[in-house]
1. How big is D for region A:124-206, in µm² s⁻¹ as a whole number, if Stokes-Einstein is applied with the Kirkwood radius of its Cα pairs at 10 °C and 1.306 mPa s?
2. Before anything else, pin down the relative contact order of chain B: Cα pairs under 8 Å, at least 6 apart, normalised by residue count, whole percent.
3. Can you tell me the alpha carbon radius of gyration of region A:213-275 divided by the globular rule-of-thumb value 2.2 N^0.38 Å?
4. Per residue, how big is the convex hull around the C-alpha atoms of region B:103-230? Give it to me in cubic angstrom, could you?
5. If you take the Cα atoms of the protein assembly as shown, find Rg, then find the Kirkwood Rh from the mean of 1/r over all pairs, what is Rg/Rh?
6. May I ask you to sort A:196, A:336, A:155 by Cβ crowding, counting other Cβ atoms within 10 Å and putting the fewest first?
7. Assuming a ≥ b ≥ c are the square roots of the Cα gyration tensor eigenvalues, decide whether region B:53-106 counts as rounded (a/c under 1.5), prolate (otherwise, with a/b larger than b/c) or oblate.
8. Whole percent per 10 Å bin, from 0 to the bin with the longest distance: what is P(r) over all C-alpha pairs of region B:186-246?
């Protein structure tokens, strides 16, 4: 509750969580209304420099254009690598030759790759620098509590500061304390798989090729990084995880070689792998009065298609554009009609992507011969139909109806 | 009822009708939901005309900076607060004390600076006040003497300023949509909100404004699209329409 006698600070929008989603949203909102909106981002992690992190994201073309429009891509580009084509196979671990069922060779536009690999650390650093430059108010505090009123939301920060805002955006990740405080339930299940992430170096260049092998215990993906390095995202059944992670570098590398092959020469490990459990999680609502869920707080999906971050960036592009419209009319930035428009716009694509990734994982992460025959047929079919494949690629990009930021235009 | 009605154009029965629903002004899901949906198109029209007239930016959230504005019949302040956020110095006046109280309460919560008064435009004119922008949106169809009301509104416009008015046309279509449809079938508005014989045609309104010494230079219809659940500007002025005069 609000202690009497303390008069709150005022902001237009408070964002809980200063990771990729929170900072990107903050930058987008600073472009709205000629930079007039006061945007506060709260995250205890601001107290320290960004942690070194080996994760890299496969950014769809729309997401990359958005970072260009927000003025951060130039700083990320030297450490990013375009994905020029993608090969997908369906195989058993010991198959000597892996039949290729689906290849994505493609550019979205002239010379624009359909995706780029961008390291998380470089993105966060660039976002923090730009946020500083454009006057985002970043505070190393947590969101402790909030009370929603008819014309404002009053937020208590962990340093006991009170702050009035029109809207609170939850960019605080899968466990989202803000979502819990807003009493929004989630649908959730565990995949009984964990994701292992590491970086390897190889002797020969990858030529911008990404590979994904659908193995019975989970998908194994390699994604090109600058130089002769690749990022590995390896989903494996939970029962195998402890054993794998307790292997020494040499033995673990042997396991990776079994999956990656030796086509790019000898492999070396650049970082000790880390693993985290894979879950599906979808919030029942994306909004509550004066609260919007953005990114992982709204949805966590299987990394099989590398779409988690891209979905979050689409959330941001849609929400920021709606808020900019409201601000240009002087309207309430926490208006319930606007929030419901955001929810409607994001619900369908999110559920569709969640269903596709969940379905892909269920279809492929097993050794059932009947399913194997079915999916061989399915993927082979896709490759023979160029138009269908183009649609896949275009979906990774953006169309004329897309939000401005995904087309690379400022708000 | 403490409203002083003598010597004004206010119809006391109308004031009583609105007092009943004033408390729910700001509930976007409540009885005023139609007005909430209607608000963006009205605001965009005002903003864009102001931007044209004073050569301002429409996107910078500050289009009305430094301009004084009075909203006549401000209700719960649904237009006043956004226009104040856009930089205008806003006075909202309404004859219904409950409306004024609701509006004051809300702006104390939202922190948007608006001055609210229980007053009529005739009173403000008598006090010698004038404004860069005078708004009378969805008001003419509720006043007892249209000509006297419009004359007072024009008198409140500073030289070089703008007068905005919005109302309902007196057509059969307006009767069908705004009264039978909106009040009785869809339940968008409380029954008895509007009386058809008080609706004003664009010609009658333009003539009244001309008698007040201003000239209407743009007129737009506002139509509802049931598929998108949105209102938009149109050339069709048969039901809802807005005019701007200088």
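Rule-based calculations on the coordinates, nothing more; no lab input. Note that this is a predicted model, so its numbers are computed, not measured. Reconstructed Cβ throughout: ideal geometry from the backbone, glycine too, with neighbour counts over all protein chains shown.
1. 95 µm²/s
2. Over chain B, the number comes to 17 percent.
3. 1.09
4. Working: hull volume 19.9 nm³, N = 128.
So the per-residue hull volume is 156 Å³.
5. Value, to two decimals: 1.07.
6. Lowest count first: A:336, A:196, A:155.
7. Prolate.
8. Histogram of Cα-Cα distances, whole percents per bin: 19, 40, 32, 9, 0.
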